[in-house]
Structures are given as structure tokens and as C-alpha cells.
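This report refers to the structure that appears directly beneath it.
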Amino acid sequence: MRFFFFITFSIKPEPAIVSLIINFGLFFIVLITLIFFLKKKKLSWQDFGFTDIKFKWVFYSFLLIFLVISLGGGLSTLLSKSIGIEGGDLLSLKEIMSDKNWINILNFKIGIALLIPFAEEVLFRGFLFRYIRQEKSFLFSAVLSSLLFSLIHFNLTSLPFTLLLGLATAFTYEKGKSLYYPFFIHMGVNNLASTMFLLSLFS
């Protein structure tokens, strides 16, 4: 272990590589934890929340993707302008850009748009929201889990965006009775946001 940290700090990888390691690392940690949890509790993936998909909720999920992008993005922009911090999210994304396209593709289209949504939905909707929901109302559970979800992103200007995303995914999980819908929404939002960011670099 000491050798690993020594090599890591000696090499001093660029921010894009660090982001890539974190994204893939979080995914595998959550996946392994989930598999261990299911095995220990003798539950199936379906028992945990990955139930059958219904077209109606897939359709609603796509509508919520655009609602979060447009309304959440607009509110975050207003907040950033009102407190005098513009482009907070863009600056953080630019910091993890690499001059190597294959790293950017892995980072933005695989890590941020696919693996992170899975990991965060398992953590915040599959575990946290469901745990709180056992004792509290839907509104309390959704707001609390969404606030905690927003706080881990460590970005004040993105608070309306991440809070709305958390509420939308909690709603679809509660009503649709499946973790697939929160995952679809989160994946769609991250994919669109990362695509818009990458396209803005060439405009």
C-alpha cells in the first residue's frame, strides 16, 4: 500500500487522470459494496430495486432529464451571477480536461456520464433515500437525501441543479418503484451536460 501511494505521488498524474481514477474507483467500490450487501442479506438485484422497466416511466424519465437540464441549469446560472461567481461548473470541468482525446472520452462519456450515475444512484436512492423513507415521509426523505447529494458535489453554484436532480430521481424511484429510472435520468443529465460542455470548447 505504501509503495502504491509512493508511486502515485511520485508520478504526479494530471488532473484528468486523477478524475478518471476517482470515477472508476468510486464505481467499483459501490459495485463491490452492493454485491456484498445483496449476498449478506440474501437479496436479488430485483429485491434491491432493479425491477422491470415500464415504458410510461421511461417516458417520464426523459421529460425530467430536460426539466433538470433547463430549469436546474437556469437556476444555477442565476445563482452564480447573483453571487458573482460565473462559470463555476465550467471551470471545474475545464480543470480535468486533457490534451489526450481518449482520456476525455473515458472521463466524460464513460466515467461522468455512465459510471458515476450508477454509483451515486445506488448510494443516494438505493441506500440513503430508502433507509430514510422507512421512517419518514416521502417529502422529508427526498429533500434530505437530495441535499446530502448536492453537498457532496462541493459546488455552491450547482446547488439548484444537483438539488433538482436529486428530487427528480427520488420522485421517479418512489413512484416508478425501480432504480432504473433514477439511473436513466442521472445518466441522461450527465451525458447531456458533458456533451454541451465539450461542444462549447469548439464554438
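Here are the numbers:
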item	result
The range 126-174: chymotrypsin sites (Phe, Trp or Tyr not before Pro) in DSSP coil with no more than 10 other Cβ atoms inside 10 Å	Phe154
Difference of contour (0.36 nm per residue) and Cα-Cα distance, Leu147 to Lys109	11.1 nm
Which of Trp45, Trp57, Trp102 has the fewest Cβ neighbours within 10 Å, and the rest in rising order	Trp102, Trp45, Trp57
Highest-MSF residue in the chain out of Ser70, Ser145, Ser158 [GNM, Cα springs under 10 Å]	Ser70
Too-long pairs where the Cα-Cα distance tops 27 Å, listed order kept, from Lys56/Lys81; Lys41/Lys136; Lys81/Lys136; Lys42/Lys136; Lys41/Lys175; Lys41/Lys109	Lys56/Lys81; Lys81/Lys136; Lys41/Lys109
About the Cα centre, charge dipole magnitude for the chain (Lys/Arg +1, Asp/Glu -1 at Cβ), debye	660
Within the chain, longest stretch free of exposed trypsin sites (Lys or Arg not before Pro) [DSSP loop, at most 16 other beta carbons within 10 Å]	55-99
Computed label-point distance, nm, for sites Trp102 and Tyr131 using a 7 Å Cα→Cβ extension	4.0
Label-point gap, in nm, between Thr51 and Phe138 - each point 7 angstrom along Cα→Cβ	1.3
For the range 155-171, 3J(HN,Hα) per residue [Karplus equation, 6.51 cos²θ - 1.76 cosθ + 1.60, θ = phi - 60°, Hz, x = Gly/Pro]	9, 4, 5, 8, 4, x, 5, 5, 5, 5, 4, x, 5, 5, 6, 5, 4
Residue among Pro117, Pro15, Pro182 with the largest mean-square fluctuation in a Gaussian network model of the chain, springs linking Cα atoms under 10 Å	Pro15
Fully extended contour minus Cα-Cα distance, from Thr195 to Phe28, at 0.36 nm per residue	57.7 nm
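The numbers here are math on the coordinates, done by the rules we state, and not lab data. Bear in mind that the values here come from a model prediction, so they are computed numbers and not experimental data. As a convention, Cβ positions derive from the backbone with ideal geometry for all residues, glycine included, and neighbour counts pool all protein chains shown.
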